[in-house]
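The values are calculated or read from the model by the stated rules, or taken from the named source; none is laboratory data. These numbers were taken from a predicted model, which means no experiment stands behind them. Using ideal geometry, Cβ is built from the backbone for each residue, glycine included, and neighbour counts are taken over all protein chains shown.
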Amino acid sequence: MSATARGATARKTVAELNLILLGPPGAGKGTQAERLQEDFHLPYVATGDILREAVREEAELGRKAKRYMDAGDLVPDDLIIAVVLERIGADEARDGFLLDGFPRNREQGEALDGAIDRLGRRLTAALLIEVPDDEVVRRLSGRRVSVKSGRVYHVELDPPKHEGRCDIDGSRLVQRDDDRPETVRHRLQVYHENTKPLIDYYERQGVLRRFNGARSPTEVHDHIRATIATLRLEDEL
Ligand code: AMP
């Protein structure tokens, strides 16, 4: 984008928030996304959720994606990029969006940049929640999900009142296939390999903001909110 176009966009989009959440699986991106949605009322696009739903519905996307997901590998870029670009170009995303789980590699990052540029907008920030690998393994191996409500528990850190049953509707709690310890290790390896170049890419663009995901969800949330408030102020100056 030219400097003039960028200036015009900055003036036009003072209130606009185009955000992405980055971080390893289990960093708490989903938890933060829920809170940020409440704060800023942004449409939330979580590619892992979209893909899992497509698998449940046996949609074509799900059929193509399943074997990669079960193995903890990334699904091919052409499957996921089009889905995301459609969402961020939709009318409901005109005041911004919150992406979780996308982009996952440099190619997806460049596709996203191209789309944002074509919309005459720019990325507000890439929010990176950092957590050490051992902590990721501990968090994900203990994670359990309610088959009905989708509420997430942890056997040690956030157990349900009755073992194996959801507090909300009593339905069964299960472990996601890709939360098994061997698959978690593999997902972490995939994350480091693919996402490191993406982090460098956003760092060079000056849009990367880092958060310590080992802290409590409330502390992380406060820090993110304060950062977004500062970014908005800078935008207005
Ligand atoms: P998540 O819930 O974000 O950990 O995603 C679960 C799985 O969905 C990943 O392990 C990948 O197989 C797939 N997936 C989600 N987002 C993407 C993406 N942006 N690119 C490729 N694969 C993805």
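When you look at Leu79, is it under 14 Å from the mean Cα position of the chain (by Cα) and near the ligand (Cβ under 10 Å from one of its atoms), yes or no?
no
If you go through the range 120-146 one residue at a time, how many are within 19 Å of Asp158 (Cβ to Cβ) and either touching a residue at least 40 places away in the same chain (Cβ under 8 Å) or surrounded by fewer than 20 Cβ atoms within 10 Å (Cβ to Cβ) (or both)?
13
Could you list, ordered by first residue, the pairs with Cβ atoms under 8 Å in which the first is in the range 180-193 and farther than 21 Å from Val155 by Cα and within 11 Å of the ligand (Cβ to nearest atom) and the second is among the small types (Gly, Ala, Ser) and assigned to a helix (DSSP H, G or I), at least 6 apart or interchain?
His186/Ala71
Let's see how each residue does on (1) within 23 Å of Asp200 (Cα to Cα); (2) out of contact with any helix residue (DSSP H, G or I) (no Cβ under 8 Å at 6 or more places or on another chain):
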{"site": "Ala82", "(1), (2)": "no, yes"}
{"site": "Leu85", "(1), (2)": "yes, no"}
{"site": "Gly89", "(1), (2)": "no, no"}
{"site": "Val137", "(1), (2)": "no, no"}
{"site": "Tyr153", "(1), (2)": "no, yes"}
{"site": "Ile168", "(1), (2)": "no, yes"}
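Considering the range 77-107 alone, what residues qualify as being farther than 17 Å from His41 by Cα and touching a residue at least 60 places away in the same chain (Cβ under 8 Å)?
Of everything in the range 77-107, those that are farther than 17 Å from His41 by Cα and touching a residue at least 60 places away in the same chain (Cβ under 8 Å) turn out to be Gly101, Phe102, Pro103, Arg104, Asn105, Arg106.
Suppose we filter Tyr153, Tyr191 for residues that are of a type in the set (Ser, Thr, Tyr) and in a strand (DSSP E or B); which single one remains?
Answer to the selection: Tyr153.
Given Leu21, Leu51, Leu61, Leu99, which one is modelled with pLDDT of 95 or more, farther than 23 Å from Leu188 by Cβ and within 14 Å of the ligand (Cβ to nearest atom)?
Leu61
Just one of the numbered conditions (1) more than 11 Å from the ligand (Cβ to nearest atom); (2) at pLDDT below 95; (3) part of a helix (DSSP H, G or I) is not true of Arg122; which one?
Condition (3) is where Arg122 drops out.
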